[in-house]
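**Student:** I am attaching a structure below and will ask some questions about it afterwards.
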Protein chains: 2
Amino acid sequence: MMILRNSPASPFGRKVRIAASLLGLADKITIEAADTSNPADTVRRQNPLGKIPVLLLEGGRTLFDSRVILEYLDHIAGGGRIIPTEPHARFEALRLQAMCDGVLDASILQVYEGRFRAADMQDQKWLEYQADKITRTFAVLEANPPPLDATPNVGQITLACALGYRDLRFAGTWRGAHPRLVAWHDAFAARIPAFAETKFIP
Amino acid sequence: MMILRNSPASPFGRKVRIAASLLGLADKITIEAADTSNPADTVRRQNPLGKIPVLLLEGGRTLFDSRVILEYLDHIAGGGRIIPTEPHARFEALRLQAMCDGVLDASILQVYEGRFRAADMQDQKWLEYQADKITRTFAVLEANPPPLDATPNVGQITLACALGYRDLRFAGTWRGAHPRLVAWHDAFAARIPAFAETKFIP
């Protein structure tokens, strides 16, 4: 049995949980909550960066971050299922994953600005710098939404998790200006039960 | 000819430049400076996240981030040279890369805290939160330094760039408490000419 250290609201943990479901590996993974803000939580010994998700393998090895875990799960499921092996498709998928991980990184910095700092210590310029990354990326994706494979690839999984995180933490404000991404999101949600199953309800 | 949009001080760009050298691809890549802080720079159209490095392929496709570019360069060089194909070695390399990319992400947040914010807007708790990630990760690496392959893998390349970035931006304060990492750094520098060649001199 593998153990996934995770927090239920983590979009990067959601990537792992959706991938595990798509690959038929969900029953091989036990989820254990981790509190990255608690210095006594063992997660900091499992990943010295103190970040989730972390996958604990049988035998004591640990894997992180989400990209590495997704590739490992794809590998033990036989390979080529959520990371295409054909080079053009592979690098399109990896590029989309990097783009949407970047949206998540910027979104988390926006969230942390409010969580870590008193109101008078929050920097509007910094918040706008992060918001602009997301605005530009969503504009690119809206102009040319990616395909949605029968088994979604790592890029498509990450896009779904990025849109879901904007719904969770930013009240879905992305939706108004991005009707094609809304349609893409809805198609993903309709076809992938793990997306609804991993939705965090605050 | 491929084009690498980069900034000479970028540790992630340094990963790409060292990989290109190791793989014999340096003469296939032209480096063009990018200013991610300038809204008019074309880099924001090449990568909507506005981050470097970005690799522009012949035919107009773009690739980012550094992990994706390193995998692409390994692929066009024949595969398996800086990303091992044997699974155990592969995931060790990818995990080390993730760990050292995490050190770089935390380091860059430390730098940005000073670059973006007035002194009275800088948050010591946030800076310590980032510093603690680096302290814990370097302690793990000092206790058990990774091997250094004849052709360094992506994890080893990233560790060298992380140590180099701590030298560049943090006056090498990591060195005192980490003699085994100093020895590892010096072995890398002695064997890999591209490391010195890509050192940024402010």
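**Student:** Against the definition (among the aliphatic types (A, V, I, L, M), surrounded by fewer than 23 Cβ atoms within 10 Å (Cβ to Cβ) and either within 24 Å of residue B:64 (Cα to Cα) or within 11 Å of another protein chain (Cβ to nearest Cβ) (or both)), how does residue A:56 come out, yes or no?
**Tutor:** no
**Student:** Now a separate question. With respect to residue B:92, is the statement that it is among the acidic types (Asp, Glu), open to solvent by less than 50 Å² (accessible area, probe 1.4 Å) and out of contact with any Ser or Thr (no Cβ under 6 Å at 6 or more places or on another chain) true?
**Tutor:** No; evaluated as a whole, the condition is false for this residue.
**Student:** Residues B:106, B:190, B:98, B:162: which one is in a helix (DSSP H, G or I) and touching a strand residue (DSSP E or B) at 6+ places or on another chain (Cβ under 9 Å)?
**Tutor:** Values: B:106 fails: touching a strand residue (DSSP E or B) at 6+ places or on another chain (Cβ under 9 Å); B:190 fails: touching a strand residue (DSSP E or B) at 6+ places or on another chain (Cβ under 9 Å); B:162 fails: touching a strand residue (DSSP E or B) at 6+ places or on another chain (Cβ under 9 Å).
It is B:98.
**Student:** For residue A:31, which of the numbered conditions (1) at pLDDT 95 or above; (2) at the interface with another protein chain (Cβ under 10 Å from one of its Cβ atoms); (3) open to solvent by 20 Å² or more (accessible area, probe 1.4 Å); (4) under 25 Å from residue A:164 (Cβ atoms) fails to hold?
**Tutor:** Condition (2) is where residue A:31 drops out.
**Student:** Pairs only if they're at least six apart or on different chains, beta carbon under 6 angstrom, first in the range B:8-34 and at positive phi, second surrounded by 21 or more Cβ atoms within 10 Å (Cβ to Cβ); list them, first residue then second.
**Tutor:** Listed by first residue and then by second, the contacts come to nothing, as the list is empty.
**Student:** If you don't mind, another one. Would you confirm, using the coordinates I've provided, whether residue B:112 is crowded, with 18+ Cβ neighbours inside 10 Å and of a type in the set (Ser, Thr, Tyr)?
**Tutor:** Considered against the rule, which asks whether it is crowded, with 18+ Cβ neighbours inside 10 Å and of a type in the set (Ser, Thr, Tyr), residue B:112 comes out as no.
**Student:** Also: If residue A:120 satisfies every condition in (1) more than 13 Å from chain B (Cβ to nearest Cβ); (2) at pLDDT below 95 but one, which is the exception?
**Tutor:** It fails just one condition, (1).
**Student:** What are the residues in the range B:75-103 that are under 16 Å from the mean Cα position of the chain (by Cα) and away from chain A (no Cβ under 11 Å), if any? First the steps, then the outcome.
**Tutor:** Initial filter on the range B:75-103 (under 16 Å from the mean Cα position of the chain (by Cα)): B:82-83, B:93-103.
If the condition is that a residue be under 16 Å from the mean Cα position of the chain (by Cα) and away from chain A (no Cβ under 11 Å), then B:82 is the only one that fits.
**Student:** Now for a separate question. Only one of (1) farther than 20 Å from residue A:199 by Cβ; (2) of a type in the set (Lys, Arg); (3) crowded, with 20+ Cβ neighbours inside 10 Å fails for residue A:45. Which number is that?
**Tutor:** Against the list (1) farther than 20 Å from residue A:199 by Cβ; (2) of a type in the set (Lys, Arg); (3) crowded, with 20+ Cβ neighbours inside 10 Å, residue A:45 comes up short only on (3).
**Student:** Output the residues belonging to the range A:123-141 that are facing chain B (nearest Cβ under 8 Å) and either hydroxyl-bearing (Ser, Thr, Tyr) or not in a helix (DSSP H, G or I) (or both).
**Tutor:** Passing the criteria: A:123, A:129, A:137.
**Student:** Would a scan of the range B:68-87 turn up a residue that is surrounded by 15 or more Cβ atoms within 10 Å (Cβ to Cβ), assigned to a strand (DSSP E or B) and either outside the structural domain of residue B:163 (by TED's automatic domain parsing) or in contact with a Cys (Cβ under 7 Å, 6 or more places away or on another chain) (or both)?
**Tutor:** no
**Student:** Which one of these does residue A:180 not meet: (1) part of a helix (DSSP H, G or I); (2) within 25 Å of residue A:69 (Cα to Cα); (3) touching a helix residue (DSSP H, G or I) at 6+ places or on another chain (Cβ under 8 Å)?
**Tutor:** The single condition residue A:180 does not satisfy is (2).
**Student:** If you take the residues of the range B:34-53 that are away from chain A (no Cβ under 13 Å) and among the aliphatic types (A, V, I, L, M), which of them is farthest from residue B:7 (Cα to Cα)?
**Tutor:** B:40
**Student:** Out of all the residues in the range B:142-156, which are open to solvent by less than 20 Å² (accessible area, probe 1.4 Å) and either farther than 11 Å from residue B:192 by Cβ or outside any helix (DSSP H, G or I) (or both)?
**Tutor:** B:152, B:153, B:154, B:155, listed by residue number.
The values are calculated or read from the model by the stated rules, or taken from the named source; none is laboratory data. In this text the structure is predicted, and so the values were computed from the model without any measurement. Positions of Cβ are generated from backbone atoms using ideal geometry, with glycine treated the same way; all protein chains shown enter the neighbour counts. The accessibility values were calculated without ligands, DNA or RNA, using every heavy atom of the protein model including side chains. Shrake-Rupley method; radii C 1.70, N 1.55, O 1.52, S 1.80 Å.
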